[in-house]
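The values are calculated or read from the model by the stated rules, or taken from the named source; none is laboratory data. Since we're looking at a predicted model, the values are computed, not measured. Because the Cβ atoms are built from the backbone with ideal geometry, glycine has one as well, and the counts that use them run over all protein chains shown. SASA here: full protein model, heavy atoms, side chains in, ligands and nucleic acids out. Shrake-Rupley method; radii C 1.70, N 1.55, O 1.52, S 1.80 Å.
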Amino acid sequence: MNDFIALVATHNNDFAKAAKHFLLARDAAIQTGQVRVAIIATTNLGENFTMLNDHQTSLDWMQRGLSLARPTGWPRSVGACLMHTAETMRRMHQLDVAQDLLDEALQILAPLAEARSFAGALLYLGNLALDRHDYARALESFQRLQERADALNQGDFQIDARRGQAHALTYLKKPQLALEIARATLQLARQKNDGYREIEVLQVLANIYIQHSLPIPSEILTDNAALYYLQQ
């Protein structure tokens, strides 16, 4: 029940409530010997602290999840913990450590290339490539993610994949294509009622106009499109 409540809270962008209930779910799982459930709840708990920008607390929980997972040898559990820890390290600007963790995660998850967990690793690989300013690699990662997201019909990854492509294309000097993808992605995020990802897409849209001189759409009643999107 706590796991369900936490998942609903996550989808409603109530990350503090989600963290509370993932913690309760984790404790219950440990007390009843449900190791796999405990691992998942622990990494989800850490991920919600990431959403709250409390990266040190997130890292603490990610490391606990990895400590639970490694002795099991379960590829999906170990790989998921590695990739979530990598994403937290990326947000803490520890890019080399994040790359090592992601490389290990992708190797472990390779036999599970059809699974959602592998798609998650592609997302984090793309985010890391953006931070490293390796935009060609980022674009490739997000294109692979889009293929998996569409095949799995996973709305969150569909938004992430397109947002990442628009971001990469902005710096690959393809602003018109970046703008086209970003505007469509914004509509998708709003259709999914995903406020967290909507903000990410709005930031990409603003950045496109910061980096490039483009005509401003008629529906934007201002001469500063970047500011328009940032205010949203």
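All other residues whose Cβ lies under 11 angstrom from that of PHE142 are scored, Lys and Arg at +1 and Asp and Glu at -1, for a net of +2.
I want the local charge near ASP156. Using Cβ-Cβ distances under 9 Å, sum +1 for each Lys or Arg and -1 for each Asp or Glu among the other residues.
The answer is 0.
Express in % the proportion of alpha carbon pairs of the range 169-208 at distances exceeding 17 Å. Before the final figure, lay out each step's value.
Values: 197 of 780 pairs.
Tail of the P(r) past 17 Å holds 25 percent of the pairs.
Mind checking the angle between helix 2-11 and the chain's longest principal axis? C-alpha axes, 0 to 90 degrees, to the nearest 10. So the helix axis and the longest Cα principal axis differ by about 10 degrees. As a length-normalised measure over Cα pairs under 8 Å and 6 or more apart, the relative contact order of the range 81-232 settles at 14 percent.
For the range 18-61 versus the range 200-232, the spacing of their alpha-carbon centroids is 37 Å. Estimated purely from DSSP H runs of n ≥ 4, each contributing -39500 (n - 2.57), the mean residue ellipticity at 222 nm for the chain is -26000 deg cm²/dmol once divided by its residues. When a 1.4 Å probe is rolled over the protein heavy atoms, the share of accessible surface on the range 1-154 that falls to carbon and sulfur comes to 53 percent.
Pairing the Cα long axis of helix 75-91 with the longest principal axis of the chain, what angle in degrees results, from 0 to 90 and rounded to the nearest 10? With rounding to tens, the tilt is 50 degrees. Taking Cα atoms only, the orientation of helix 55-69 departs from the longest principal axis of the chain by about 40 degrees. Local charge for ASN193 was computed over the other residues whose Cβ lies under 14 Å away, with Lys and Arg +1 and Asp and Glu -1, and equals -1. Among ALA119, ALA184, ALA166, the residue with the largest mean-square fluctuation in a Gaussian network model of the chain, with springs joining Cα atoms closer than 10 Å, is ALA184.
Compare ALA25, ALA129, ALA151 in a GNM of the chain, Cα atoms joined below 10 Å, and give the one with the largest fluctuation. Checking each option, the largest mean-square fluctuation is seen for ALA151. Computed over protein heavy atoms with a 1.4 Å probe, the accessible surface of the chain works out to 50 Å² per residue.
Given a 1.4 Å probe and the protein chains as shown, HIS133 ends up with an accessible area of around 130 Å². Of the residues HIS93, VAL201, PHE142, the one whose Cα sits farthest toward the positive end of the charge dipole of the chain, with +1 on the Cβ of Lys and Arg and -1 on the Cβ of Asp and Glu, is PHE142. The calculated pair-distance distribution of the chain uses every alpha carbon pair, bins of 10 angstrom beginning at 0, and gives 8, 30, 36, 18, 6, 1, 0 percent. Sorting MET62, MET1 on solvent-accessible area from highest to lowest, probe radius 1.4 Å, gives MET1, MET62.
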